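The values are calculated or read from the model by the stated rules, or taken from the named source; none is laboratory data. In this text, all values refer to a predicted model and were calculated from it rather than measured experimentally. Ideal geometry is used to build each Cβ from the backbone, glycine not excepted, and the neighbour counts take in all protein chains shown. All accessible areas refer to the heavy atoms of the entire protein, side chains included, with ligands and DNA or RNA removed. Shrake-Rupley method; radii C 1.70, N 1.55, O 1.52, S 1.80 Å.
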There are 2 protein chains.
Amino acid sequence: MASRSKVLLVGSGGVGTMVAYALEYSGKAEVTSVLRSDYDKVVKDGFTIDSCDYGHIECFRTTNIAKSVSDACENHGPFEYVVLVTKCVPDVTNMVEIIAPAVTEESTVVLIQNGIGIETGFKQKFPGHTILSGVSMIGSANRGAQISHEVSDFVKIGVFYNPTLPKEKQDAVCKKFIDIYDNDKIECTFDEDVKFSRWRKLVYNSCINPVSALVDLDVGRIELFGGDGGLIEQLMNEILAIAKSDGVDLPEDVIEFMIRSDDPNYYKPSMQVDVEKGNYLEIEVIIGNPLRIAKKNGVSTPALSVIYELLKLVQCRIKEQKGLIVVPKERPVPTSA
Amino acid sequence: MASRSKVLLVGSGGVGTMVAYALEYSGKAEVTSVLRSDYDKVVKDGFTIDSCDYGHIECFRTTNIAKSVSDACENHGPFEYVVLVTKCVPDVTNMVEIIAPAVTEESTVVLIQNGIGIETGFKQKFPGHTILSGVSMIGSANRGAQISHEVSDFVKIGVFYNPTLPKEKQDAVCKKFIDIYDNDKIECTFDEDVKFSRWRKLVYNSCINPVSALVDLDVGRIELFGGDGGLIEQLMNEILAIAKSDGVDLPEDVIEFMIRSDDPNYYKPSMQVDVEKGNYLEIEVIIGNPLRIAKKNGVSTPALSVIYELLKLVQCRIKEQKGLIVVPKERPVPTSA
């Protein structure tokens, strides 16, 4: 048996844990996962998983568990793949700096995260490295180390190509990762066009997610209450226009596909769940970055801009709740001249 | 002493109770208030009022208290003035029909409510009557018959002129009402231009109210978090443009005035409080009607339209919470052809 690839996994939530499970399932990887809030519980009892792909699993643990990236490096490194499956909230957490200690000369960084432009900081920090993109379709939630996985894992892995490295080499490390990840229960395929996949997913994430978060309604109710026809379609059309200005021609029928993608469930999009839980929202990579591209390319985005302004305010509310922003006791107001 | 004017007051909330107090204070009116949820409590103990204008008042009751409009008419009518101080939610409650039994030949209807176009239904139903407009600036809240009144009562009463009646007659009944309402503690003045006053107030209500409701932040925080400059000003400029298309030229500096009008408080606009309490939102008269005017007059309203779509969804959420909308257990989805 060939030696197993050493993988560091940061972000063992609903999606991350299923990624870790898949990587260990093949027997081709030795996964070290960094755990914070669930560390003690997982060391003691492991994760309990109810998965539409793998069935009921008691006591799942990756080969190694670490309390931090530095702990992981010290005891289990070096890593061939450093995989991020955290939410992408660059206005709160700088993941580039957090994983930096684990990125050695031989490491490939894998970003299984939502959004556009998420690779920029990693490219700058790790200019000689291959950086992979993972776009995952998976409905999986973690509540206190109890994983409930309801939508079959379908993930596309591709390359954020680095022009200073040979394409073949980058494709090879990507295909090796796919080989580790893919198995008989799920589908992990090569993503020929990372940019296309990412813009395509934004048709859902930039439009349905924010509306559900702002009005606190699931997709079924948004449709029943008349929100899908007007507003959601307008937002989706704006995303299509920005994508086009960025060189990505999404087919018109992607709108209908995304609107119908949760049928027949009263599905709560992740951003609605995040607001409920008081979690930070992925607004910068899902809406902020597309809007910056729109501005650069002169694309009109009247509806998305309003949604973004509202979500920035909600994000500040969450930051205040979490103590990241402290509001002065007396409201500061302009003094009259 | 002249005989007191008989006044029916519908809507004894935070604002309505202070209107009732002012009308009784002068000794010139005999007020009958219609109470529903607070009826038993107020009959027994009256309202407790803490008012910046009148001080602490125990056990306030209007001359008569009725359980319904028909009860009021039967026992205490006919009424010279029928005063509405309810929230204006025509998509939920038809106040025209509710007050109709109390509107006799001699009655004047007084609408102390927010919004644009609120008089239309009353004009149609009561074509021979004078209808008055009240635009009130008062910070007053009712929590279980406990009134907390924090901003001095400043109210402008004017006429929604009825072209089939002599102007002098309409002005006279308006000025009589002002004479009853006005006293040494507060300010009730004649509104020369009802339309102007209503559009002016919308610069606050259509812009600050909805944003605070959608993001659940008070005005101080919206400003601190950067929401006042971009989004709120854009919304206000759209209201100014619609007003202009409707023949009302609001001065540019009304924007700055409204943005600063709550200084230095972390003030929660009423719509934010309504969302918190799960109350219906006054979206149709505050945003829906202005947008319908904009559409008719070809005024562009990219931001207000998005806000309206979001608020309509929130209103549906509240309607579902209150049982006015029942969502089917299985989500209905289009069948494929």
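Using the alpha-carbon positions of chain A, Rg (one decimal) and Dmax (whole number) come out as 20.3, 78 Å. Once backbone amide H atoms are built at 1.01 Å from N, B:Y267 has B:V219, B:G220 as its partners under 5 Å, excluding neighbours fewer than 5 places away on the same chain.
When chain A is treated as a GNM with alpha-carbon contacts under 10 Å, the residue of A:L165, A:L217, A:L132 showing the greatest mean-square fluctuation is A:L165.
Cα-based Rg of the protein assembly as shown per 2.2 N^0.38 Å, rounded to two decimals?
Values: Rg = 30.4 Å, N = 674, 2.2 N^0.38 = 26.1 Å.
Normalised Cα radius of gyration, the protein assembly as shown: 1.16.
For segment B:163-241 versus segment B:276-337, the inter-centroid distance based on Cα atoms is 22 Å. Measuring r between the beta carbons of A:E105 and B:M137 and using R0 = 60 Å, the FRET efficiency lands at 0.30. Here the simple spin-label model places points 7 Å from the Cα toward Cβ, and for B:V273 and A:L324 these points are separated by 3.1 nm.
Quotient of the Cα radius of gyration of segment A:132-206 and 2.2 N^0.38 Å, N being its number of residues: 1.25. Note on segment A:36-164: Rg/Rh from C-alpha atoms, Kirkwood Rh, equals 0.97. Global dimensions of segment B:184-309 from alpha-carbon coordinates: Rg and Dmax equal 14.6, 46 Å. In order along segment B:189-206, the phi-based Karplus estimate (6.51 cos²θ - 1.76 cosθ + 1.60, θ = phi - 60°) of 3J(HN,Hα) comes to 10, 7, 9, 5, 9, 4, 4, 4, 4, 5, 5, 4, 5, 5, 4, 7, 5, 7 Hz; Gly and Pro are listed as x.
Per the 1.4 Å probe, what fraction of the accessible area of chain A, in percent, lies on carbon and sulfur atoms? Could you put the intermediate results ahead of the total?
Working: 7290 of 14380 Å².
Answer for chain A is 51 percent, counting heavy atoms of protein chains only.
Over 20 Å between Cα atoms: which of B:K123/B:K195; A:K67/A:K322; A:K312/B:K277 fall into that group? Violating the 20 Å Cα-Cα cut-off are A:K67/A:K322; A:K312/B:K277. Quick one: net charge of B:V159's neighbours, Cβ under 13 Å, K/R +1, D/E -1? My count for the surroundings of B:V159 gives +2.
Taking B:I287, B:I99, B:I186 in turn, the Gaussian network model of chain B (Cα-Cα springs below 10 Å) assigns the largest fluctuation to B:I186. Amide H to amide H, with H built 1.01 Å from N, B:I147 comes under 5 Å of B:T48, B:I49, B:D50, counting only residues 5 or more places away or on other chains.
For chain B, what's the relative contact order in percent, using C-alpha pairs closer than 8 Å and at least 6 residues apart? Show your work: numbers first, answer last.
Working: 576 pairs, mean separation 48.5, N = 337.
Relative contact order, chain B: 14 percent.
Shown in residue order for segment B:10-25 are the 3J(HN,Hα) couplings computed by the Karplus curve 6.51 cos²θ - 1.76 cosθ + 1.60 at θ = phi - 60°: 10, x, 9, x, x, 7, x, 5, 6, 5, 4, 4, 4, 5, 7, 4 Hz (x for Gly and Pro).
Using a Gaussian network model of chain B in which every pair of alpha carbons under 10 angstrom is joined by a spring, one finds that among B:V314, B:V215, B:V254 the greatest mean-square fluctuation is at B:V215.
Helical content of the protein assembly as shown, expressed as a calculated mean residue ellipticity at 222 nm, amounts to -11500 deg cm²/dmol (DSSP H runs of 4 or more residues, -39,500 (n - 2.57) each, divided by residue number, nearest 500).
Taking every C-alpha pair closer than 8 Å and separated by at least 6 residues, the mean separation divided by the residue count of segment A:198-321 gives a relative contact order of 35 percent. Under a 5 Å amide H cut-off, with hydrogens placed 1.01 Å from N, B:T108 pairs with B:Y81, B:V82 among residues at least 5 apart or on other chains.
Here segment A:96-252 was treated as a single set of alpha-carbon atoms; its pair distances binned every 10 Å from 0 give 9, 30, 35, 20, 5, 0 percent. Straightening the chain between A:S26 and A:Q146 buys 41.0 nm, computed as 0.36 nm per residue apart minus the Cα-Cα spacing.
Across identical copies of the chain, A:S300 has label-point separations of 0.6 nm, listed in ascending order, with the point defined 7 angstrom from Cα along Cα→Cβ. Model label points for A:E168 and B:S70, set 7 angstrom from Cα along the Cα-to-Cβ axis, are 9.0 nm apart. Placing a label point 7 Å from Cα along the Cα-to-Cβ direction at B:G247 gives distances to the equivalent points in the other copies of 5.7 nm, listed shortest first. Of the trypsin sites (Lys or Arg not before Pro) found in segment B:206-309, those in coil by DSSP whose Cβ has at most 15 other Cβ atoms within 10 Å are B:R260. Taking every alpha-carbon pair under 8 Å whose residues sit at least 6 apart, segment A:1-88 reaches a relative contact order of 40 percent. A straight Cα-to-Cα reach below 12 Å connects A:K87 with the aspartates and glutamates A:D274, A:E282, A:E284, residues fewer than 8 places away in its own chain not being considered. Working note: Karplus 6.51/-1.76/1.60 with θ = phi - 60° gives segment A:97-114 the couplings 5, 5, 8, 3, x, 8, 8, 8, 4, 8, 7, 10, 9, 10, 9, 9, 8, 7 Hz, where Gly and Pro are set to x.
A straight Cα-to-Cα reach below 17 Å connects B:K44 with the aspartates and glutamates B:E58, residues fewer than 8 places away in its own chain not being considered.
Would you please give the FRET efficiency between B:D249 and B:K176, computed as 1/(1 + (r/R0)^6) with r the Cβ-Cβ distance and R0 = 30 Å, to the nearest 0.05? Between B:D249 and B:K176 the formula returns 0.45.
Sorted shortest first, the separations between the A:V327 label point and its copies elsewhere in the assembly read 2.8 nm; each point sits 7 Å from Cα along the Cα-to-Cβ line.
Within segment A:75-131, the GluC sites (Glu not before Pro) that combine a DSSP coil assignment with at most 11 other C-beta atoms in a 10 angstrom radius are A:E105.
For every other residue with a beta carbon closer than 13 angstrom to the beta carbon of B:C88, add +1 if it is Lys or Arg and -1 if Asp or Glu, then tell me the sum.
Details: positive: B:K87, B:R198, B:K201; negative: B:D91, B:E119, B:D274, B:E282, B:E284.
Residues close to B:C88 contribute a combined charge of -2.
In loop segments of segment B:135-217 as defined by DSSP, the trypsin sites (Lys or Arg not before Pro) with at most 15 further C-beta atoms inside 10 Å of their C-beta are B:K185.
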